[in-house]
Structure formats: C-alpha cells, structure tokens
Amino acid sequence: MIKEITKYPTTASLEFGANVRHFNDELFNLIQDLKDTMEANGLNALAGFQIGSPLGVLVLKDENGEYLELINPKVLTREGTVTPTETTAYFPGLSAETIRYGKIKVMYEDRDATQKFLEADGDLSITIQRKIDYLFGSNFRIRLGADEKKLFDSKLEFGTDSITQNDCPTVFKRDRILQLFKYLFVGGLLGVTSKFFISQEMLGTLVSVENYTMLLMSLLLIIYFFYAQYEGKQYKHCTSCQIGNIIGTTLVSLIKLGALFLLNFFLLW
C-alpha cells in the first residue's frame, strides 16, 4: 500500500527506534508498503520512519535495481571519508553536502530472521548511511559541517535550495510584509475612488476606513524597515547591497503612502 512520506518538521515519536522482534505479517506488510511507496514516488530507498513506522527496517535498490531488505541494520566497520551532496524526501527540494564514510560493512537480518552482512561503497554506502540515520531518529543534518549546517538552516527557513555560500536568497520573509502593504495601498486607492459612488451618509465610514488603512500601512513600513535589516544580517556576503535595497524600498513605499494621504486630504477630508 502506498503511504504518505513523512516530511520535515515531523520528528520521531517516543516509541520510535524499536528493533524488529517478530518476523510476521506486520513486518512483511511494512516492507511491501515501503516498496509500493518507493515505486509511486520514484525513490531508490526508504526507511520505516519515513512512512510512519517505528520499526528498524529499510528497503533500498542496489546497483542492479534489485530490492534489498535490511532489518535491524547496524554499521560494523567504516573506511574513508567522502563529502557527497545529498537529497532526501524528508527535506523535499533541498540538498546539502554531508560527511559520510566511503565504505561500510553492515550487519542486518533478512525477512527470515537470518543474520547477514553487506559491504557497500559509493552511492549504495551513502544511501544506507542516510537511511540508518532515520532508524535512529535522526536525519542528514547531523552529518553536516558547521558552515554547511548554517547554510542548510537558511535553506530550511526560506524553503529554497537556491541559497549558496550563505549568499542572498531569491525570496525573503520580509517580502510578505511588502505584499500586504501593496494590498492595503490598492485598497486605499479604491476607497478614495469610491467616494464618487457612495452616499453622503457613508462618507464618514469611508473616511474612518481610509484612516485606519493608512495607519496600518505606516506600522507595516516601520516593521518592514527594522525586520528587513535583521533579516539581511543573516547573509553576511550581501549585507551592504541589502541595506541599500531596504532603504530604497522603504522610500518608495513612503512615497506611495504620502500620495494616498494627499488623495485623502483633498478628496475626503
């Protein structure tokens, strides 16, 4: 059965991380669910946690596209270090450069409870290591160096993989403030225009609405100016260009607010 894939920020529950003790239909159904979900999503590996199971089971495809079922896997030996760029369904659309072992030897059990061993290197080794992280309630974030972790946290915050070397992202949270300001400005213009189509009795209500609109726009500009500077300091490589952009954007918005004020002054007040 195809299952929903667990995504960030969902974390492991308290009963998570249990070793498989009973090799029964429940286990076999979980393995089949992992395979079905992999096929439906075009994935080459999944751990039990990724479809909501606390059991220590992972299924993956080897270099030949054959399924490998690893139950209660443990890494016994490790050799060398590599720094691959990884992606995972847990962090959809995001990538990071991790620190992994180049070659590993894994002890596991198959569906008949028979103990087996597997030596893996290359992509297979990296995939197994990533999925075993999930079986212990973690993810590849713990395999990042200090600088890479800071960069990846920025990607998580802004929901984009386009941030590189902690440079400026293409989108900012402060843009949402500007978007709301824009909606209020358009609403204010429509309010002034509606003066010619409403009765005299409604004019007082319209004036009050316009006043509150301009007050809210003023507050948004203040919030934007200070928050945008705080946000810009998170990206040390482009702080200076951001400061100029923030000041320019604030001035343009002030001009819009001033224009709306003048329209209200001459047409409504």
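The values are calculated or read from the model by the stated rules, or taken from the named source; none is laboratory data. On a predicted model such as this, the values are computed, not experimentally measured, just so you know. For neighbour counting, all protein chains shown are included, and Cβ atoms are generated from backbone atoms with ideal geometry for every residue, glycine included.
So here's what we get for this one:
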| read-out | value |
| --- | --- |
| Condition met for G65 (modelled with pLDDT of 95 or more and small (G, A, S)) | no |
| Close pairs (6 angstrom Cβ cut-off, 6 or more residues apart or separate chains): at pLDDT 75 or above in segment 221-236, of a type in the set (S, T, Y) and buried (at least 18 other Cβ atoms within 10 Å of the Cβ) anywhere | L221/S253 |
| Residue in segment 85-94 that is of a type in the set (F, W, Y), in a loop (DSSP other than H, G, I, E, B), closer than 24 Å to G159 by Cα and assigned by TED's automatic domain parsing to the domain that holds L144 present | yes |
| Sole residue being under 22 Å from the mean Cα position of the chain (by Cα), part of a helix (DSSP H, G or I), in contact (Cβ under 8 Å) with a residue 12 or more places away in the chain and surrounded by 14 or more Cβ atoms within 10 Å (Cβ to Cβ), chosen from F152, F172 | F152 |
| Conditions (1) of a type in the set (K, R); (2) under 29 Å from the mean Cα position of the chain (by Cα); (3) at pLDDT below 95: number failed by K35 | (3) |
| Total residues in segment 18-62, condition assigned to a loop (DSSP other than H, G, I, E, B), free of Cβ contacts under 8 Å to residues at least 24 places away in the same chain and within 19 Å of D133 (Cα to Cα) | 1 |
| Members of segment 155-169 that are within 17 Å of G93 (Cβ to Cβ) and either part of a loop (DSSP other than H, G, I, E, B) or modelled with pLDDT of 90 or more (or both) | G159, T160, D161, S162, I163, T164, P169 |
